[in-house]
Amino acid sequence: MNATGNSPEAAGPLLDVRALRKVYTGRNRSVEAVRDLTFSVGTGDLVCVVGPSGAGKTTLLKCISGLLAPTSGEVFLEGAAVQGPAPGMAVVFQEYGRSLFPWMTVQQNVELPLKQKKLPRTRRQELVRNSLEAVGLGDVPGAYPWQLSGGMQQRVALARAVAYEPHILLMDEPFAAVDAQTRADLEDLVRSLWQRLGVTILFVTHDIDEAVYLGQRVLVLSSSPTVVLDDVAIDLPAERDQLSTRSSTRFAELRAQVFGQIQRAKHQSGEPGPAAGSETDAGSETDAGAVPPAEPRDTDTGPETTEERQPTDAGTR
Ligand SMILES: Nc1ncnc2c1ncn2[C@@H]1O[C@H](COP(=O)(O)OP(=O)(O)OP(=O)(O)O)[C@@H](O)[C@H]1O
């Protein structure tokens with residue numbers, strides 16, 4: 001059985017996004033957030049997605065994770081169409097403060113999705129222990145989230161995702177709300193978890209340096225309505241560190257390449273002419289590539305819709 005639980009495992013990419021389009025429709029207007037996205041992610045890959053603010057990165061992740069239905073196009077996980085929150089996916093969001101339950105201890109927070117997965121108690125305890133140790137929090141299982149720093153809380157969110165043993169880990173600007181030093185530590189943690197556990201990761205960020213430092217590939221998105229402008233192979237050595245990797249000539253070249261694409265992206269969207277009533281420029285300012293890392297992002301300025309599917313699976317909460 002595969003990650004979506006409804007068809008035999010197929011050969012091919014782990015994740016396949018085909019001609020994905022998303023138009024938000026409100027009472028008086030519509031916003032074409034994503035025009036046409038096609039790409040795939042192989043098993044064990046670490047792929048970063050970077051694009052200007054408002055490019056539709058969060059929309060893309062919500063469609064991939066099954067929380068939002070695309071207007072057209074499809075997402076396949078292990079060959080099976082995603083039609084709702086899939087058990088093979090876990091998502092780590094930026095807002096760790098809202099994703100952890102304050103009345104539960106660290107251990108209980110990490111264990112909750114495993115209970116919903118109906119794993120036996122001993123297995124749950126083993127997974128919680130191992131994942132907390134993997135993120136360097138083996139000594140605080142009894143603490144409450146509000147007793148921890150922001151960086152530690154995001155580690156708990158990461159531990160919870162890892163303990164769930166997802167086939168793919170989706171990360172939506174997970175470190176945008178922490179300070180620069182903590183962010184650097186968490187980036188290194190992601191790479192070491194990826195190398196040790198072999199989990200497939202799709203990491204969304206608006207920070208070019210972060211994307212180049214972390215990824216094996218960087219997908220560059222245009223402004224909304226969004227298409228893929230470039231798919232850059234990151235040929236940096238597998239062993240990376242914040243000081244020498246970021247000061248290497250190759251890092252600077254790759255960063256410049258992606259930065260150039262992002263600059264183009266500010267002035268270029270999928271096709272001439274937005275959807276009727278869309279606000280294509282509402283979020284077209286980008287801080288992608290800013291050094292030092294970008295400020296915490298604001299939430300979107302688009303009209304509210306209630307299109308999101310209710311998660312049925314704790315792995316995508
Ligand atoms: N629920 C919604 N209803 C209507 N429009 C929306 C909704 N959510 C997002 N949008 C619009 O869709 C476009 C893409 O938004 P999205 O949040 O996906 O971009 P983003 O790349 O993640 O932005 P940022 O980097 O600033 O977080 C924006 O124009 C936004 O205003």
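Read the figures in this text as sums done on the coordinates, not as results from a lab. Only a predicted model underlies this, so the values are computations on that prediction, with no experimental measurement involved. Using ideal geometry, Cβ is built from the backbone for each residue, glycine included, and neighbour counts are taken over all protein chains shown.
Under 5 Å from the amide H of V92 lie the amide H atoms of L170, M171, D172, each residue being 5 or more positions distant or on a separate chain, with H modelled from the backbone and absent for Pro and chain starts. L119 sits among other residues whose Cβ lies under 11 Å from its own Cβ, and their net charge, with Lys and Arg +1 and Asp and Glu -1, is +3. Once the Cβ-Cβ distance of D185 and E74 is raised to the sixth power relative to R0 = 35 Å, the FRET efficiency obtained is 0.40.
The modelled label-to-label distance between R250 and Q116, using points 7 Å beyond Cα along the C-beta direction, is 4.1 nm. Taking Cα centre as origin and charging only the Cβ of basic (Lys, Arg, +1) and acidic (Asp, Glu, -1) residues, the dipole magnitude of the range 1-152 rounds to 540 debye.
A simple charge model with +1 on the Cβ of Lys and Arg, -1 on the Cβ of Asp and Glu and nothing else charged puts the dipole of the range 100-176 at about 400 debye relative to its Cα centre. Within the shell defined by Cβ-Cβ distances under 11 Å, the residues around P141 carry a net charge of -2, with Lys and Arg each +1 and Asp and Glu each -1. A cut-off under 13 angstrom between Cβ atoms defines the neighbours of N130, and their net charge, with Lys, Arg +1 and Asp, Glu -1, is +1. Remark: the R123-E95 segment gains 7.3 nm on full extension, using 0.36 nm per residue and subtracting the alpha carbon distance.
Coupling constants for the range 90-102 follow from the phi torsions by the Karplus curve (6.51 cos²θ - 1.76 cosθ + 1.60, θ = phi - 60°), and in residue order they are 10, 10, 10, 9, 5, 8, 4, x, 9, 9, 9, 7, x Hz; glycine and proline get x.
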